[in-house]
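Let me begin by presenting the structure, written as structure tokens, before commenting on it.
We did not get these values from a lab; they are worked out from the coordinates using the rules stated. What you see is a predicted model, and the numbers here were worked out from it, not measured in a lab. Virtual Cβ from ideal backbone geometry, glycine too; neighbours counted across all protein chains shown.
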Amino acid sequence: MIRFTILGAGTGVPMPQRSPAGVLVQIGATPLLFDLGPGTIPRLDAAGVSYRDLEFVFLTHLHPDHTLDLVMLLQALNYTPSFTRERPLRLFGCVGTRALYDDLLRAYPSVAPRGFELTIRELSAERIAFDAWTIETAPSAHTATSIAYRIEAEDKALVYTGDAKENPALIEIARDADAFVCECAFPRGYATRDHMTADAVGRVARAARVKRVILNHLYPPALEVDVVAQVRAEYAGEIIVAEDGTRIQV
């Protein structure tokens, strides 16, 4: 069973009920955090998971609305009273994650891990097996190195695109997924070269034969139209428009 909570369904544009990016995935008792936009750490706590219990953090790309709370996570792990972190923290991300971390340490030296090890692994297109689950990555085409993630456990599959652009690799990684958490940044016809529009979401979901689509990372223009109808014109399955706190089980 995979449970997930949308911690941030929005973008860097301030909007009610839609904060910057963050998705909590829970496989049994193991929490996995995907992206850490501003305010992700307190929203994680509101979802019932403490930042102190995180072992796995994954970044889709390096834009600030997906990464800024990495600093706050490291600061909290260092400076929470009466708490000493000893377990390693494992950070996975696209190519460039190590350089981002090094830059953050130059700007904020005090967040360098104290008493615990931080490991960083950069990913492009690969598959990694853990004890009870696997992670697969593929280019999302939002930036030169951005990646989407497929999480599989107990014969279920969840795909999280992060920011993305319609492309064959995205269709392939989403193939037959039980839940497709897909960026739906803009409505049909909106001029964009590096984000998903509603009709693009529908085409990818249809081609990949996903069972359920969760529209995520919505900019204000996407909420000014019937975005579900625009996706529905291309895709006949279940569609959910995410808000902060949306919870789903697959």
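For the chain, dividing the convex hull volume of the Cα atoms by the residue count gives 114 Å³ per residue. Over the range 116-207, the Kirkwood radius and the radius of gyration, each from Cα atoms, give a ratio Rg/Rh of 1.01. The amide H of Leu123, built 1.01 Å from its N in the peptide plane, has Gly93, Cys94, Val95 as neighbours under 5 Å, considering only residues 5 or more places off or on other chains.
Computed over the range 193-235, the percent of Cα pairs more than 11 Å apart is 64.
Listed values for the range 85-94 are Karplus-derived 3J(HN,Hα) couplings in whole Hz (6.51 cos²θ - 1.76 cosθ + 1.60, θ = phi - 60°), namely 7, 10, 5, x, 10, 10, 10, 10, x, 5, and x replaces Gly and Pro. Computed packing ranks the peptides 96-109, 206-219 as 206-219, 96-109, most packed first, by mean other Cβ atoms within 10 Å.
Evaluating 6.51 cos²θ - 1.76 cosθ + 1.60 at θ = phi - 60° for every residue in the range 175-180, the Karplus couplings come out as 3, 6, 5, 6, 9, 10 Hz, glycine and proline recorded as x.
The peptide list 73-82, 177-186, put in order of mean Cβ contacts within 10 Å with the highest first, becomes 177-186, 73-82. Under 5 Å between amide hydrogens, built in the peptide plane, is the criterion, and for Leu7 it picks out Gly22, Val23, Leu24, Gly245 among residues at least 5 positions away or on other chains. Each residue of the range 153-159 was assigned a 3J(HN,Hα) from its phi angle through the Karplus expression (A = 6.51, B = -1.76, C = 1.60, θ = phi - 60°), giving 7, 6, 6, 10, 9, 10, 10 Hz with x at Gly and Pro. Beyond 16 Å, the tail of the calculated P(r) for the range 28-73 holds 30 percent of the Cα pairs. Scanning the chain for long hydrophobic helices, with DSSP H runs required to stretch 30 angstrom or more by C-alpha along their axis and to average at least 0.0 on the Kyte-Doolittle scale, returns nothing.
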